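Step one of this worksheet: look at the structure below.
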Amino acid sequence: MVVPLFAASVADEEAAAESFALKYRAMEKWDVILPEEQWTSFDNEIPIGEGFLAKKAGPLGLEVDTNADGRLDEKVRGVRGFLKLRGKGSDGEPYNCAIRLKGDGKTWRFAPGGAMIGKLKGTLVKVFDQNNNGFYDDYGTDAMVVGKGGAAGLLSKVVNADGTLYHFEISADGRKASYRPFIGETASIDVCSDYDSRGKLVSAVLSSEEGDHHFNAAAGGKKPYTVPAGTYTVSSGYVTKAGESVHLRTGKMAPFTLKPGQERDLAWGGPVVAEFDYTVEEETITVPPNVAFYGRAGEEYHTFWPEAKSPKIIVTDKKTKKVLTSGRFGGC
């Protein structure tokens, strides 16, 4: 008798689940590329757990109660800083976390400065509280890296660990995760081989139509990367070259379907087209800074770094093709 491959009961699936522990690690030398990095503003309290008192110290300084004992004990000097915090969550359990800080003389903001780290069958897993709310189980909002590399995808209910798919769950405090073999149809995609750019595609986060599955498919390099079959969009990405970089997002890119068993190359990248309004007054052409840049598949490029290295806009004579002027958007 032949037993159907997917005939396992729910009880059997749950019995096959395994778990592993994660520990918090502060990352003062920050080299992580988060898919949707968020900086949260605050005034007199850093809103993590039960909160950490904070007080501005002059125009460019900040004092913080890092151990939640009610006394200010650490000082950030300048407009950027890094702090390790120790406190208790709403459940009374102690925890550690680290934050990066930046200020502009008026407002201070923070973003994650560490991650919960563990191993899934020998593969490194890092989970980041990307939305800064103190929890690590916000699927599609928090971030994770599975394997080597510093480019994160969004927290997903299915992960690709060394080429194998697993159902994945993590506790709210981030200290425990469980996994079991993925049950369902799969497909594969190569996002790097047919990406037209002089830079390196470091991140290309695919997000499923349902919002449960998210993968940094660029981690697979120029090889097919396995994902559950379904309909996806490229929700975010990152390209870099010799100190220059640019982020990307869906823009006008249409969703695409990966059918069961399908292997697909994603054709995208250059040429990039700029869409913008402009005004002409005598010999002056004014282009407002709300220019949108779209790639071959409709993906949108934004946040160019350094700012002065934004794509160049060239104005030519329609008849003679002679270049009349050109320019870039500079920094502030």
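The values are calculated or read from the model by the stated rules, or taken from the named source; none is laboratory data. Computed from a predicted model, the values in this text were never measured in an experiment. Cβ sites come from the backbone with ideal geometry, for glycine too, and all protein chains shown count toward neighbours.
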Kindly indicate the residue of the range 175-193 that is in contact with a Lys or Arg (Cβ under 9 Å, 6 or more places away or on another chain) and of a type outside the set (Val, Ile, Thr) and also surrounded by the fewest Cβ atoms within 10 Å (Cβ to Cβ) among those meeting that condition. Ser193
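Between Gly330, Gly298, which is modelled with pLDDT under 85, loosely packed, with under 15 Cβ neighbours inside 10 Å and either in the same structural domain as His247 (by TED's automatic domain parsing) or β-branched (Val, Ile, Thr) (or both)?
Details: Gly298 fails: modelled with pLDDT under 85.
Answer to the check: Gly330.
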Hey, does the range 275-285 have a residue that's under 22 Å from the mean Cα position of the chain (by Cα) and outside any loop (DSSP other than H, G, I, E, B)? no
If Gly92 meets every condition in (1) in a loop (DSSP other than H, G, I, E, B); (2) out of contact with any strand residue (DSSP E or B) (no Cβ under 6 Å at 6 or more places or on another chain); (3) over 19 Å from Ala68 (Cα atoms) apart from one, which number is that one? (3)
Would you mind listing the strands (runs of 3 or more DSSP E) fully within the range 207-264 where at least 3 residues are of a type outside the set (Val, Ile, Thr), crowded, with 19+ Cβ neighbours inside 10 Å and without any contact (Cβ under 8 Å) to a residue 24 or more places away in the chain? none
Any idea how many residues of the range 280-296 are under 15 Å from Gly327 (Cα atoms) and of a type in the set (Ser, Thr, Tyr)? 2
Can you find a residue that is over 30 Å from Lys241 (Cβ atoms) and of a type in the set (D, E, K, R) anywhere in the range 185-203? yes
Across the range 85-111, which residue is nearest to Glu209 (Cα to Cα) among those that are without any contact (Cβ under 8 Å) to a residue 40 or more places away in the chain and buried (at least 20 other Cβ atoms within 10 Å of the Cβ)? Leu101
Out of all the residues in the range 279-295, which are modelled with pLDDT of 80 or more and in contact with a strand residue (DSSP E or B) (Cβ under 6 Å, 6 or more places away or on another chain)? Thr279, Val291, Ala292, Phe293, Tyr294, Gly295
Mind checking which residues of the range 67-84 are more than 19 Å from Lys23 (Cβ to Cβ), surrounded by 15 or more Cβ atoms within 10 Å (Cβ to Cβ) and charged (D, E, K, R)? Glu74
Filtering the range 315-327 down to residues that are loosely packed, with under 12 Cβ neighbours inside 10 Å and modelled with pLDDT under 80, which residue is nearest to the chain's Cα centre (by Cα)? Leu324
Give the range 17-37 a look and list any residue that's closer than 21 Å to Phe215 by Cα and touching a Pro at 6+ places or on another chain (Cβ under 9 Å), or say none. Val32, Leu34, Glu37
Restricting to the range 1-45, name every residue that is at pLDDT below 95, closer than 25 Å to Gly140 by Cα and of a type in the set (Val, Ile, Thr). Val10
In the range 150-164, is there at least one residue being within 22 Å of Glu50 (Cβ to Cβ), among the small types (Gly, Ala, Ser) and either surrounded by 16 or more Cβ atoms within 10 Å (Cβ to Cβ) or in contact with a Pro (Cβ under 7 Å, 6 or more places away or on another chain) (or both)? no
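Can you say whether Ala115 is at pLDDT 95 or above, buried (at least 19 other Cβ atoms within 10 Å of the Cβ) and over 26 Å from the mean Cα position of the chain (by Cα), as far as the supplied structure shows?
no
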Of the residues in the range 260-270, those that are over 11 Å from Ile189 (Cβ atoms) and either small (Gly, Ala, Ser) or within 24 Å of the chain's Cα centre (by Cα) (or both) come to Gly261, Ala267, Trp268, Gly269, Gly270
Of all residues being buried (at least 17 other Cβ atoms within 10 Å of the Cβ) and either in contact with a His (Cβ under 7 Å, 6 or more places away or on another chain) or basic (Lys, Arg) (or both) in the range 119-145, which is farthest from Thr164 (Cα to Cα)? Just the residue, please. Gly140
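Condition first: under 24 Å from the mean Cα position of the chain (by Cα) and of a type outside the set (S, T, N, Q). Now tell me which residues in the range 169-186 satisfy that. Working first, answer last.
At the first step, the residues of the range 169-186 found to be under 24 Å from the mean Cα position of the chain (by Cα) are 169-179, 182, 186.
Passing the criteria: Glu169, Ile170, Ala172, Asp173, Gly174, Arg175, Lys176, Ala177, Tyr179, Phe182.
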